[in-house]
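The values are calculated or read from the model by the stated rules, or taken from the named source; none is laboratory data. For clarity, every value in this text was computed on a predicted model and none was experimentally measured. Cβ coordinates were reconstructed from backbone atoms using ideal geometry, including for glycine residues, and neighbour counts include every protein chain displayed.
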Amino acid sequence: MLDRFIKAYNEAVFETDKEAAFTAVNTALAEGIPPEDIVFKIVIPAVEEMMSNITKDPDANLAQHFMTAQIAAEVTEKMLEKFEHPPEIIGRVVIGTAHGDLHSLGKRIVMGCLKALMVEATDLGVNVPAEKFVDEAIARDAQVIAMSAMMVHTATGEDGACKVRQILKERGLEQRFKLIVGGAPYRYDTELYQAVGADSWAPDGVNAARAIINLIQQVKHRDSAQDI
């Protein structure tokens, strides 16, 4: 019976039809499919398939990926309210657009994917000062700081990733947080992330979600090893 709803949901997100996606989900609920199964057997596999597809085809439709991520995030949030037991969060990330930068589409794709994949993501918004990235990462007990920049001068500027790295050094926090960057300048220069002091980078919003999860796992593995 689950296959029918998987097919209906996948067709809905492929057509970026949020209403049809929610219809499929609500019908599944009405017919006795647990909300846990909807998230882990329908929604998350659809997000993972999208991630796989964009890896194969980097020029795939950005708007479609954006809507798939947003639908997944909204469905997941609704289903989480109905879980018998809250699911375990994979980890935490604070994400925002660099100071002086007002672009947000890529960041919103990342947020949608992360929420659907059980990562607690705090959106700091756009035009975010370096200090706020670090302060919020501490306050949220995050493992990762994610910074988006769509222009060269905001990617390399004095209040961008370089400043975040400097603050982490000054406060002795370099081992506590991983820093990832993304946006057009990093696609044009794939070594730029190292120049600005980041630990990693991603070419697009979907791959950023995968990279962030990998960094979270690195931090948690390191922390576990230190506790032994």
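Among (1) of a type in the set (S, T, N, Q); (2) at pLDDT 90 or above; (3) surrounded by 22 or more Cβ atoms within 10 Å (Cβ to Cβ), which single condition is Thr122 missing?
Among (1) of a type in the set (S, T, N, Q); (2) at pLDDT 90 or above; (3) surrounded by 22 or more Cβ atoms within 10 Å (Cβ to Cβ), the lone unmet condition for Thr122 is (3).
On the basis of being charged (D, E, K, R), surrounded by fewer than 20 Cβ atoms within 10 Å (Cβ to Cβ) and closer than 16 Å to Gly106 by Cβ, does Arg171 make the cut?
On the way: charged (D, E, K, R): yes; surrounded by fewer than 20 Cβ atoms within 10 Å (Cβ to Cβ): yes; closer than 16 Å to Gly106 by Cβ: no.
Against the criterion (charged (D, E, K, R), surrounded by fewer than 20 Cβ atoms within 10 Å (Cβ to Cβ) and closer than 16 Å to Gly106 by Cβ), Arg171 does not qualify.
Would you please name the residue that is surrounded by the most Cβ atoms within 10 Å (Cβ to Cβ), looking only at residues in the range 7-25 that are of a type in the set (Val, Ile, Thr) and more than 14 Å from Met50 (Cβ to Cβ)? It would help to see each step written out before you state the result.
Looking only at the range 7-25, we keep the residues that are of a type in the set (Val, Ile, Thr), and these are 13, 16, 23, 25.
So of that shortlist, the ones also more than 14 Å from Met50 (Cβ to Cβ) come out as 23, 25.
On the way: Thr23: 14, Val25: 25.
By that ranking, first place goes to Val25.
Does the range 125-150 hold any residues that are more than 16 Å from the chain's Cα centre (by Cα), surrounded by 17 or more Cβ atoms within 10 Å (Cβ to Cβ) and of a type in the set (A, V, I, L, M, F, W, C), and which are they?
Val128, Ala130, Val134, Met150
Just checking, how many residues over the range 74-110 are among the β-branched types (Val, Ile, Thr) and part of a strand (DSSP E or B)? First the steps, then the outcome.
So in the range 74-110, the residues among the β-branched types (Val, Ile, Thr) come out as 75-76, 89-90, 93-95, 97, 109-110.
Checking which are part of a strand (DSSP E or B) leaves us with 93-95, 97.
Residues in the range 74-110 being among the β-branched types (Val, Ile, Thr) and part of a strand (DSSP E or B): 4 in total.
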